[in-house]
Amino acid sequence: MRDTRQPTSTNADAMPHVEVLPIADVPRAFGARLRLARQEAGLSQDGLAKAMAECGFNWRQTTVAKTEAADRPVLFAEVVALSRILKTGIDEFLSEGTPLDSLLVELQRAVMDREKDVHNAEQRMHIARWNLHNTEVGLRLAQAFHAYRRDSDSGPLRADIELILEQYGESVTRAYGVFEAAMIPIPRVVDAEAKALQEAARVELAQYDRMSESDMESESGEWLLALASAAEGNKPAAAVSDQLSLGNGYRVHLAELLTDLVVEYVHA
């Protein structure tokens, strides 16, 4: 009769295979994990040294640097103190990973930090470009006003304003500092912009009168209603205002109105 009993295993066979960090690699691995834990805690080497000194250890910045570089032996009591200061379990300092594992985590976090730096830099650049844009508008407008005050010639003034509007759009009517310096009331500027939008809406709306019924059906009813409302003098929504301000008719009409304001208020 065949023996169906399972063969007994030896202790060596029963124990799972565990990869153990070689003793020679322990100091380097500990140093790498210490550096990572310190950086995650937001501490400088000097800051960690001071914290260790408060725990009774004669640590200086150089002590931290040597420990992280595996250039000095580390006492177990020091490991315990470090784990408390950095709020890191001792097992994390002594885990079986390799220095390469710690470096990988450190580099991943470094990449994330650099990505944040780039994002913040891009945000600052965007703000800087916008500030430059507004400053350029103010400069160009002030130059045009100054030239008119010197020459009293409204022809070049209107051409300058129209060109500035073409290049900078609605930012021109937001250059309040220039209008105030020229003693032009801001409400008059706002009113001129509103009239220019109203006229642009009327011109745009008139084009639909010449369309065929099939072309009219392809147009958005909401857009036509918005145009009709703006043509009646109602303040259009931002999207409608942006679209109308792109037209040449808007710029020409607004340039005329702004030129009239400068002629009225700016004198030699």
- Message: Please verify whether S152 is modelled with pLDDT of 90 or more, of a type in the set (S, T, N, Q), open to solvent by 70 Å² or more (accessible area, probe 1.4 Å) and out of contact with any Pro (no Cβ under 8 Å at 6 or more places or on another chain), treating the condition exactly as stated.
- Response: yes
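What about G155, is it small (G, A, S), in contact (Cβ under 8 Å) with a residue 40 or more places away in the chain and within 19 Å of D260 (Cα to Cα)?
no
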- Task: Please find, within region 239-268, the residue that is modelled with the lowest pLDDT out of those that are open to solvent by 40 Å² or more (accessible area, probe 1.4 Å) and outside any helix (DSSP H, G or I).
- Result: A268
- Item | Breaking point among (1) at pLDDT 90 or above; (2) surrounded by 15 or more Cβ atoms within 10 Å (Cβ to Cβ), for A230 | (1)
- Item | Qualifying position, being of a type in the set (S, T, N, Q), open to solvent by less than 50 Å² (accessible area, probe 1.4 Å) and without any contact (Cβ under 8 Å) to a residue 60 or more places away in the chain, among Q108, Q45 | Q45
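Does at least one position in region 212-222 carry a residue that is in a helix (DSSP H, G or I), open to solvent by less than 60 Å² (accessible area, probe 1.4 Å), at pLDDT below 85 and farther than 18 Å from V263 by Cβ?
Within region 212-222, one or more residues are in a helix (DSSP H, G or I), open to solvent by less than 60 Å² (accessible area, probe 1.4 Å), at pLDDT below 85 and farther than 18 Å from V263 by Cβ.
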- Task: Examine region 87-98 for a residue that is loosely packed, with under 15 Cβ neighbours inside 10 Å, within 36 Å of the chain's Cα centre (by Cα) and not in a helix (DSSP H, G or I), and state whether such a residue exists.
- Result: yes
- Item | Hits in region 53-73 - residues which are buried (at least 18 other Cβ atoms within 10 Å of the Cβ) and assigned to a loop (DSSP other than H, G, I, E, B) | W59, A70
- Item | Residues (farther than 13 Å from S241 by Cα and touching a helix residue (DSSP H, G or I) at 6+ places or on another chain (Cβ under 8 Å)) located in region 186-201 | I186, R188, V189, V190, A192
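Only one of L141, L36 is of a type outside the set (V, I, T) and closer than 30 Å to E180 by Cβ; which?
None of the others qualify; the one that does is L141.
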- For region 161-191, name all the residues that are crowded, with 17+ Cβ neighbours inside 10 Å and more than 34 Å from the chain's Cα centre (by Cα). A182, I184
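The values are calculated or read from the model by the stated rules, or taken from the named source; none is laboratory data. Quantities reported herein were computed from a predicted structural model and do not represent experimental measurements. With ideal geometry, Cβ positions are generated from the backbone for all residues, glycine too; neighbour counts draw on all protein chains shown. The protein model used for the area step is the full one, side chains on, heavy atoms only, and it has no ligands, DNA or RNA in it. Shrake-Rupley method; radii C 1.70, N 1.55, O 1.52, S 1.80 Å.
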